[in-house]
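Taking it in order: structure first as structure tokens, then the write-up.
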Amino acid sequence: MSEFKKALAKSELELGKGKVVEMDGNQIAVFNVDGQFCAVDNTCPHRGGPLGEGELSGKTVTCPLHGWEFDVCSGAYMHDPNEKLKIYEVKTEGEDVLVSI
Ligand code: FES
């Protein structure tokens, strides 16, 4: 059963940025989308690129390896609805960002 655990502090993640955190052996990319925090699997389904290191524009991250684009809040691949990233539930508590894992 999943439970919420602290991923990072809000202050560690600026608006419009992403960060990779390791939780229970999983690499998770957490993004600050205009003050809303979203979390997805860090591994790009194309060839394993690190999505947390990609450029974020609005809700869209661009994989740094070959440019696939994903919605970091829904996990949707912008060019094929059948490709989807695993998403994680996120909530904030005080200064902390918690991810359900
Ligand atoms: S590994 Fe992400 S687009 Fe190729």
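Give the calculated FRET efficiency between His66 and Asn26 to the nearest 0.05, with a Förster radius of 22 Å applied to their Cβ-Cβ distance.
Here the calculated transfer efficiency is 0.45.
Can you pull out the GluC sites (Glu not before Pro) in the range 21-59 whose DSSP state is coil and whose Cβ has at most 14 other Cβ atoms within 10 Å?
Answer by residue number: there is no such site.
Sort out the exposed loop trypsin sites (Lys or Arg not before Pro) in the chain (DSSP loop, at most 13 other Cβ within 10 Å) and tell me the longest stretch that has none.
Longest gap between qualifying sites, sites excluded: 1-46.
I need the Debye-formula profile for the chain: one equal scatterer per C-alpha, no solvent, reported as log10 I(q)/I(0) at q = 0.14, 0.15, 0.18 1/Å, two decimals.
Here the Debye-derived log intensity ratios amount to -0.45, -0.52, -0.74.
Could you tell me the relative contact order of the chain? Use alpha-carbon pairs under 8 Å, at least six residues apart, and round to a whole percent.
That works out to 29 percent.
Between Ser74 and Arg47, what is the spin-label point distance in nm, taking each point 7 Å from the Cα along the Cα→C-beta axis?
About 2.8 nm separates the two model spin labels.
For the chain, what is the accessible area per residue in Å² when the probe is 1.4 Å?
Values: 5630 Å² over 101 residues.
Value returned for the chain: 56 Å² of accessible area per residue.
Once both labels are modelled 7 Å past Cα along the beta-carbon direction, what's the Glu55-Glu12 spacing in nm?
Roughly 2.6 nm, to one decimal.
Can you pull out the GluC sites (Glu not before Pro) in the range 71-101 whose DSSP state is coil and whose Cβ has at most 15 other Cβ atoms within 10 Å?
Of the GluC sites (Glu not before Pro), the ones in loops of the range 71-101 whose Cβ has at most 15 other Cβ atoms within 10 Å are Glu83, Glu89, Glu95.
If each of Lys86 and Glu3 carries a label point 7 Å out from its Cα toward its Cβ, how far apart are those two points in nm?
Calculated label separation equals 1.9 nm.
The values are calculated or read from the model by the stated rules, or taken from the named source; none is laboratory data. What you see is a predicted model, and the numbers here were worked out from it, not measured in a lab. Positions of Cβ are generated from backbone atoms using ideal geometry, with glycine treated the same way; all protein chains shown enter the neighbour counts. Quick note on the areas: whole protein, heavy atoms, side chains included, nothing else; ligands and nucleic acids left out. Shrake-Rupley method; radii C 1.70, N 1.55, O 1.52, S 1.80 Å.
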